[in-house]
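Computed from the coordinates by the stated procedures, all read-outs in this text should not be read as laboratory data. None of these values were measured; they are calculated from a predicted model. Glycine gets a Cβ as well: all are built from the backbone with ideal geometry, and neighbour counts include every protein chain shown.
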Amino acid sequence: MGDSVCEELEDLVHFSVPDLPARGYVVMEEIRRQGKLCDVTLKVRTVARDAPVSLGANSMLIGC
C-alpha cells in the first residue's frame, strides 16, 4: 500500500498563479454587471437618494 502512495505522488503537479485572485475579481465584476449568476437582489436606500437602489448579487458571495 505504501508503494502505491509513492507512485501516485510522483505524478503530482503543483500549479500556481499568484495573481489569480486579482484577475478573478475583474472577471467576476464583469459577470455581475451583466446580471449573470445573480440569484438575489439587494435593495438599498441611502441618505442621498430617497428611492431604493437595486443591486444584483450572488448569494454564495454574500454568505462569505
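What FRET efficiency do you get for Ala51 and Val17 if R0 is 35 Å and r is their Cβ-Cβ distance, rounded to the nearest 0.05? So, using R0 = 35 Å, E works out to roughly 0.25.
Along its principal axes, the range 17-62 has C-alpha extents of 44, 22, 18 angstrom, given from the largest down. Karplus-derived 3J(HN,Hα) values for the range 57-62, using 6.51 cos²θ - 1.76 cosθ + 1.60 with θ = phi - 60°, are 8, 9, 4, 5, 6, 5 Hz; glycine and proline are entered as x.
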